[in-house]
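Read through the structure below, which is laid out as structure tokens, and then see the notes.
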Amino acid sequence: MRIMECIGRITLSKWDPSLKGASWKLAVPLKHSGLLGDAAGRTEPVVVYDEMGAGPGCLMAVTESAEASTPFHPNSKPIDAYNAAILDQVSVG
């Protein structure tokens, strides 16, 4: 699981019917320095499946790869990243 910042919304013209009811967000994974506000701590954007309604600037806990479809077991969804939580606050020491 990685912490990512939502930077925008993705609009699809066609999608798999099993994905109805949620939205797609563009999010930037944050390294330790990114959590401290350093722009160098931000990596390449990722498209995230979001059922929680994250908006631009929200911090999200995102699962990736095979674990991204775990919340939908035994059904599977064709997703690579899933927003598991919207984070209210992150403290970095």
### Message
Taking the condition of being of a type in the set (S, T, N, Q) and closer than 14 Å to Gly53 by Cα, how many residues in segment 12-27 meet it?
### Response
1
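Listed residues Gly53, Gly57, Gly37; which is surrounded by fewer than 16 Cβ atoms within 10 Å (Cβ to Cβ) and closer than 19 Å to Trp15 by Cβ? Steps first, answer last, please.
On the way: Gly57 fails: closer than 19 Å to Trp15 by Cβ; Gly37 fails: closer than 19 Å to Trp15 by Cβ.
Only one candidate passes the filter, namely Gly53.
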### Message
Please go through segment 10-54 and give me each residue that is at pLDDT 85 or above and touching a Pro at 6+ places or on another chain (Cβ under 8 Å), ordered by number.
### Response
Leu26, Ala27, Val28, Arg42, Thr43, Glu44, Val46
## Note on the structure
Note on segment 70-80: residues surrounded by 11 or more Cβ atoms within 10 Å (Cβ to Cβ) and without any contact (Cβ under 8 Å) to a residue 60 or more places away in the chain are Thr70, Pro71, Phe72, Ser76, Asp80
### Task
Restricting attention to segment 35-69, report how many residues are in contact with a Ser or Thr (Cβ under 8 Å, 6 or more places away or on another chain) and without any contact (Cβ under 8 Å) to a residue 12 or more places away in the chain.
2
### Query
Which condition does Val47 not pass, out of (1) in contact with a Phe, Trp or Tyr (Cβ under 9 Å, 6 or more places away or on another chain); (2) farther than 16 Å from Ala27 by Cβ, if it passes all the others?
(2)
### Message
Condition (residue is within 15 Å of the chain's Cα centre (by Cα), over 17 Å from Asp80 (Cα atoms) and surrounded by 15 or more Cβ atoms within 10 Å (Cβ to Cβ)) applied to segment 12-26: is it met by at least one residue?
### Response
no
### Query
Looking at (1) free of Cβ contacts under 8 Å to residues at least 40 places away in the same chain; (2) part of a strand (DSSP E or B), can you tell me which one Ser91 breaks?
(2)
### Task
Mind listing whichever residues of segment 40-50 are farther than 12 Å from Ile10 by Cα and of a type in the set (Val, Ile, Thr)?
Thr43
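The values are calculated or read from the model by the stated rules, or taken from the named source; none is laboratory data. Quick caveat, the model's predicted, so the values are computed rather than measured. Cβ sites come from the backbone with ideal geometry, for glycine too, and all protein chains shown count toward neighbours.
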